[in-house]
Amino acid sequence: MSFMYWESVPGEYDLTLTEITGSIPPGLTGTLYRNGSGRWNIGASQVDSLFDADGMVVAFAIDGSGVRFKNRFVRTEHYVTTTAAGRMVKRGFAHQRPGGIRANAFRLPANTANTNVMIGADQLLALWEGGRPHGLDLDTLNTIGMCSLDGVLKGPIGAYSAHHTYDATTGSRVNFGFEPYFPRFDLRHIRSAPTREEKLRRLKELVGEAITRVRLRLYDTDARGVTRYLRAVPLPGMGLIHDMALTPRYAIFMLSPLRINPWALLGHKSYWDAMRFKHGEPSYFILAPRDGGRVRVIETDPFYMWHYANAYEDGADVVVELPRFAPETFGGMQAWGADTRSDMARLYENVAPEALPDTVRLTRFRITADDRVHTEPLAPMGCEFPQIDQRRSTQPHTVTYVTVPSDGEGSGEGIGRFDHVDGTVQTYCPPGHKLVEPIFVPRPGSTAEADGWVLSVGYDEAQHRSRLMVFDAPHLDHGPIAEAWLPFHLPMSYHGGFTSRVAGQ
Ligand SMILES: [Fe+2]
């Protein structure tokens, strides 16, 4: 697969898409918003990591007569500053500022607003997990500015993660924010140490304090759009927590033994490069009652993950479903994450061929009332970016939509549909194409799960351009029923959402 996929989008466009193959179903009207990294070059600087390229929000508005497209870069401080400088000047998550340790020490990564969107009544939020969201106009996609959700997001960074989770029973959305702890840094106390060893011990003590006091802040946004703070969730360690799951009673997190070496704070390497999979240590499920009760911390086998498909309660049990990554894939993941232009097949470079089939599996974890964890694989092939009919979120569901590898070597991605009742698997993986996270849209007037359409954006390597793709949800393997082509390409977008509101011109 060509690495042209990861080129910048050269501008900002407002287009009516005239090249449509197939036909858009008459009942499908609304807007698909997606967010991802859209700017891979800033002057002479090339951005290598998907974490640190500037966020670009796209909107496909489907109004019954056609499809309009719009894209805008989020005007973050990172975007504005680097544009003015003509090069990368900020510390990112996988990118170090020029100037060595001094230039990077104690600097948090710059907010690129590049990961997901949250569709509100009066604005669209561009989300990034280590900082505040940016508000955008729902129609123009122009950046309104960084926001604090009416002052509810507090703390030094006010983080509001990229993965809010919908509660179909209440219509609310729950999200979390990472809250770092900054110990009081008394330089004189460190300098006055009589020996070099004592200096180092005092420094380590400070870093240790920063790690053990990290916690998450939990927020609830109700159906009217009012956000309130729910509770703090202490963590058993400092690691990467990218997504959350939700049941009517619990907010659920998974802390893997994938830990950030605290010395990253001191700036000698990037946060991403400083991550290590600590073999021999467990993973933990963290079940935080939404109403504020005692947090349950439950040990399980070591693995890591990015995204949840769903969670729900079954009697006294809590069931969580997610693509589980085997620990031995992390070395390859780390290499690919730091250099997205390299081949994604690197994910599997440390994996023995016979172990390949079990590297990434959609897995059901059943957590019992006495804190035991039973696991069960749900599908016979690798997958990521799981999505469901959101009307079933926090309740049992029967169908999961995913991205799937097309040829086992990671070069090219298609989409799949796993039916958990009859065990069938459907895939659509045309060679030379890359499809992103499939979003399910229900058919208006129908309440049946999976009755509707699936939307994706597909890149065609031969033509070096992209298109909106519409699938009939029950027959994903039949291929798209409609495609609305752009005259240019879009790099991979990570996450998105659909609303029945049609974005204006
Ligand atoms: Fe994500």
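Here, each number is a calculation from the coordinates, and none is a lab measurement. Computed from a predicted model, the values in this text were never measured in an experiment. Every residue, glycine among them, receives a Cβ derived from its backbone with ideal geometry; neighbour counts consider all protein chains shown.
Along the charge dipole of the chain, which of 207, 327, 347 sits closest to the positive end, that is, farthest toward it, with unit charges on the beta carbon of Lys, Arg, Asp and Glu (+1, +1, -1, -1)? Result: 207, furthest along the dipole toward the positive end. How big is the gap, in Å, between the Cα center of segment 459-492 and the Cα center of segment 238-263? So the separation of the two Cα centres works out to 33 Å. When only alpha carbons are used to place a centre, segment 153-182 and segment 1-65 end up 26 Å from one another.
Separation of the alpha carbons by more than 26 angstrom is noted, of 70/90; 70/269; 269/434; 204/269, for 70/90; 70/269; 269/434.
The alpha-carbon atoms of segment 415-496 define a convex hull whose volume equals 100 cubic angstrom per residue. In the chain, the C-alpha radius of gyration followed by the widest Cα-Cα span (Dmax) gives 22.2, 77 angstrom.
Listed from fewest to most Cβ neighbours within 10 Å, the set 428, 13, 494 follows the order 13, 494, 428.
Dipole magnitude for segment 64-204: computed about the Cα centre from +1 point charges on Lys and Arg Cβ and -1 point charges on Asp and Glu Cβ, it is near 1020 debye. Both radii come from the Cα set of segment 275-395: Rg as radius of gyration, Rh as Kirkwood radius; their ratio Rg/Rh reads 1.00.
A dipole drawn for the chain from +1 and -1 charges on Cβ atoms has a positive end, and of 232, 246, 193 the residue lying farthest that way is 193. Between 43, 124, 20, the Cα set farthest toward the positive side of the dipole of the chain (charges on each charged residue's Cβ, about the Cα centre) is that of 43. Could you tell me the relative contact order of the chain? Use alpha-carbon pairs under 8 Å, at least six residues apart, and round to a whole percent. Relative contact order comes out at 15 percent. In a reduced charge model with +1 at each Lys and Arg Cβ and -1 at each Asp and Glu Cβ, the chain shows a dipole moment near 2480 debye about its Cα centre.
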